[in-house]
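Let me begin by presenting the structure, written as structure tokens, before commenting on it.
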Amino acid sequence: MVDTRERMAKEAGAPDLVLGTAGHIDHGKSSLVRALTGVDPDRLEEEKRRGITITLGFAQLALPDGRTVGVVDVPGHEKFVKHMIAGATGIDVALLVIAADDGVMPQTVEHVAVLQTLGITRCVVALTKIDLVDDEWRAFMKGEVEAWLANTAYAHAPVIEVSSKTGEGLDELKRALQAECDKAEHVKHGSLLRLPVDRVFTIKGAGTVVTGTLWSGTARPGDEIEILPEGARTRIRSVQMHNQPVEAAPAGNRVALNLNNVKTDEVHVGDMLCAPASIEPTDQIDVRLTYIDVAGTGKPLATGARMHVAHGTREVLGRVLLCDKVPQLAPGGSVYAQIRLEELIAASYGDRFIVRTYSPVSVAGGGVILLAHPRRRTTLSAPEHELLDALREGDLPRACELSVQQAPRPVSAADVARMIGWEEPAVACDLDAAVDSRAIEAFAAKGMPRLYWTKRQLQRSVSAIEKALVAFHTAHPGERGMGKAELQAQVAAHMPAPVFDGLVDRSVAADKAVVVGNTVGHPSFGGNTDEAERAAGEAILAALAEGGMMPEALPYLLSKAVDSPSLASRALARLEKEGAVVRLNREYAFDGAVFHAHVQALREWLTAHGSGTVADLKEPLGTSRKFAVPILEYLDAHGVTRRDGDSRTLQ
């Protein structure tokens, strides 16, 4: 079967790529971008005055084969590492800039740590400012850079010597970039729109415009989007790529979106634009964390440390809790962790993140998000370990199956997608495949989407229902069953009512339950229930016969005759239906044979006398005035007698 995620990516079209710079301050990143593209990425007056990059800059690079890539130029100063991370989060190929007259510097090391942690595998190194050094120093410095790269993820990255001032090496650098772009894959995946905002501004006559690297999906004019974490919704008025309007911008591109009816103070750098209802923001995530210790302190990372957490273009504070009672993590080590955030982020499965120490601030590592909505815990059970392992290995079908196995109730594709933080259509496809392979079962509940659970869990729920019913019948041998709400409160209080109804239906199909109205009983106790009703009926008839035409009040009579009120009510209803009892009202009922015998005596008396008052008719009825009045009213209503003033005649 074709992988759903691959199919969705193909349907969305092959993504373009984004190239991002990295490197120490004053190593010539912006100058190199300007030399390659003809565009000065430093757009702020302060940047031009101070000669340093402060915020993100953007350009477009034409490769030798005619293909174009977006370029993100990041700041190199240590004070602006936050901006560097925001810019690097959406790039696919890195352009690491190292000055030949300076070599590897602190921000070089820090930026490479960020690139590696964000999962960027393709890199080209530009050894800049070669016009400032002699040939011998150039060769020496190139060797130094290659030796240093050997201990990073970019050991085989090409090192190209260039001069932005003279133009030497620029063509070779472009060819090297093209070669890496040919081998690169878009870092982000998915079919639904996601764009982390890295710039917000206003254009006169157009309104609010945001820019960012489109992580996934396609942006089109007229599309509705959601601004997270706030949750406001708007529509895209227009879309631009590289300053040109387009009808559709596919993932992997730098895009500018003109938003409809949104003020600049209603959307912020760090927000995530998403397809509506596709992501639920979260304040805790399960992750695979690697501790790097770029600052070189040698100190371990202690569990519970408060740190800066960068995700997309957003940075928030959070506490890093190492799982399974791991007290601390040595530099270079990796572990499962739960990060509890102080603000919401719009996270999805597979997203990369960076952590920086609280103070002084320096890159301390990062990793990949595995669960976007985990339960609050740090000690992992064996099934939870298995789930995180599957997610870490990228085995989403297995992860979906494990999520269902660990669910406390039947779950929908939307439930699983929310927990993992992945797209619902792909999750639904994986779950249906698991149903086909019989790893899990589909489950129907009225008014709800298709649900999933395991066969074992469904069997256990049916067994729990049966056990509760048997216990009830044992304690109440005369009862037909228990109310459905009472049964749910005992067996599955945490489930929505339609889901529990579906489980009861399963129990009925398995011959473990019988449903009459809102009463649920066990089929094995049906005979006992009928016998109990017959015995109760006999007791009620005996009490009514003893009372004759002047019986005791019905509530009192029933309580004396039968211990169970519900059993007495059912037995009386059966007697009335069979004609064995005549009930006048809530207060009085009569043995049917006795009652009809006296009604016949009444008929004979009226036939002989023509008419009679209550005082006259109480005699043939064999009762007192207290009972004669309601009896005669009953006979009037049933067409036996007719009242005329104080007298009655036969109808």
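Just so it is clear, none of the values below were taken in a lab; they were calculated from the coordinates. All values derive from a computational prediction rather than experimental measurement. Here Cβ is always computed from backbone atoms with ideal geometry, including for glycine, and neighbour counts include all displayed protein chains.
By the helix-only formula, in which each DSSP H run with n ≥ 4 contributes -39500 (n - 2.57) and the sum is divided by residues, the chain has a 222 nm mean residue ellipticity of -11500 deg cm²/dmol.
Kindly rank 123-129, 585-591 from highest to lowest mean number of other beta carbons found within 10 Å of each residue. Walk me through the numbers before you get to the answer.
Details: 123-129: 26.0, 585-591: 17.9.
So the peptides 123-129, 585-591, ranked by packing, come out 123-129, 585-591.
Note on the chain: Cα convex hull, mean projected area over all directions, 42.8 nm².
Using Cβ contacts closer than 10 Å as the measure, can you line up Ser238, Ser164 from fewest to most?
Values: Ser238 18, Ser164 23.
So the ranking, lowest neighbour count to highest, is Ser238, Ser164.
Residues whose amide H lies under 5 Å from that of Leu380, counting only those 5 or more places away or on a different chain, are Asp324; hydrogens are built 1.01 Å from N in the peptide plane. Less than 5 angstrom separates the built amide H of Thr641 from those of Asp636, Gln651, all sequence-distant by 5 or more or on a different chain.
Other residues with beta-carbon under 14 Å from the beta-carbon of Thr202 carry, at +1 per Lys or Arg and -1 per Asp or Glu, a net charge of +2.
Computed over the chain, relative contact order equals 8 percent, with contacts defined as Cα pairs under 8 Å that lie 6+ residues apart. Modelled label positions at Glu230 and Asn585, each set 7 Å beyond Cα in the direction of Cβ, lie 6.7 nm from each other. Here the contact order of segment 274-329, divided by its residue count and restricted to Cα pairs under 8 Å and six or more residues apart, works out to 29 percent.
Couplings for segment 341-355, taken from phi via the Karplus curve 6.51 cos²θ - 1.76 cosθ + 1.60 with θ = phi - 60°, read 8, 8, 9, 6, 10, 9, 9, 9, 4, x, 5, 8, 8, 10, 10 Hz in order; Gly and Pro are left as x.
Under a Cβ-Cβ cut-off of 12 Å, what is the net charge of the residues other than Gln651 that fall near it, where Lys and Arg count +1 and Asp and Glu count -1?
Working: positive: Arg603, Arg642, Arg643, Arg648; negative: Asp636, Asp644.
Overall, the nearby charge balance is +2.
Seen from Lys446, the other residues with C-beta closer than 10 Å to its C-beta sum to a net charge of -2, counting Lys and Arg as +1 and Asp and Glu as -1. The phi torsions of segment 442-447, fed into the Karplus equation with coefficients 6.51, -1.76 and 1.60 and a -60° offset, translate into couplings of 7, 9, 9, 9, 4, x Hz, rounded to whole numbers, with Gly and Pro shown as x.
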